[in-house]
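The values are calculated or read from the model by the stated rules, or taken from the named source; none is laboratory data. Note that the structure is a prediction, hence the values are computed from the model and not measured. Neighbour counts are summed over all protein chains in view; Cβ atoms, including those assigned to glycine, are modelled from backbone coordinates with ideal geometry.
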Amino acid sequence: MTETVNDSGISADAVVAFLRQQPSFFEDHPNLLKQLHLRHDSGNAISLMERQNQILRHENRQLIDRLNHFIEVAQRNDKLFQQLQRLVLALLPHATLAGLIDALETGLLEQFDVHETTVILCDQANADGDPWLHISRDSLSQHFPALINDGKALCGSFGDTERDFLFAGRNVGSIALAPLCDSEQQPFGVLALGHRDAQHFRSGTETLFLSHLAQVTSLLMQRCSVSPIAPVA
């Protein structure tokens, strides 16, 4: 039922509609403002103008908080971009697969908030001392189907089985994964980053920079002198 303002039958909705159509109503009737009071949170009555000022101050604080948040995000992204740029420049001179992966893992551990790294290649057998793991595409697909079948970067805590699969019992609470893909966007490997904090890499974590790094690394890997990395069938 519509709330009525007084015995005349005027509804609250009608009053609201009228005031919206007449935004200068109280400017034309200043004495009315002196008679209108609202209950404050403390229990004291305050004028309508005081209440308006409170609302405006609250909205201003919210806008300032949002602006500060946007500035912080922009500053973090700028820092990440600069770190990523330095890392990519450090990768460019390497012409061997082992040298490239060593430089990649060193740069990630030293310049980024990462505690563990693993590079997995599906079509490149490894020997003792090689800095990558050789795991079949089928095995990767069983553990991370969205990563391999859909080519999507993933973040999360995952389960003990998945963490051990990637990091062999190392102290990892959360993981970020990005596929390494050939020119036809077929995955031939995985770049995995680990963090001790289970909340660091969450499912909603932005993966733009990680995906870009994986794309650059994929291109550099395919030009390396060690036996070519064949596209995955």
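Here are a few things to note about the model shown:
- When residues of the range 165-179 are limited to those that are more than 15 Å from Leu121 (Cβ to Cβ) and among the aliphatic types (A, V, I, L, M), the one surrounded by the fewest Cβ atoms within 10 Å (Cβ to Cβ): Ala168
- Boolean, Glu116 is in contact with a Gly (Cβ under 7 Å, 6 or more places away or on another chain) and either surrounded by 15 or more Cβ atoms within 10 Å (Cβ to Cβ) or over 30 Å from Thr161 (Cα atoms) (or both): yes
- In the range 200-223, residue nearest to Leu91 (Cα to Cα) [restricted to those that are of a type in the set (Ser, Thr, Tyr) and surrounded by fewer than 19 Cβ atoms within 10 Å (Cβ to Cβ)]: Ser211
- Residue count for the range 196-218, restricted to those that are in contact with a Gly (Cβ under 6 Å, 6 or more places away or on another chain) and modelled with pLDDT of 90 or more: 3
- Residue identified as closer than 28 Å to Asp197 by Cα and either at pLDDT 90 or above or touching a helix residue (DSSP H, G or I) at 6+ places or on another chain (Cβ under 7 Å) (or both) among Phe70, Phe112, Phe81: Phe112
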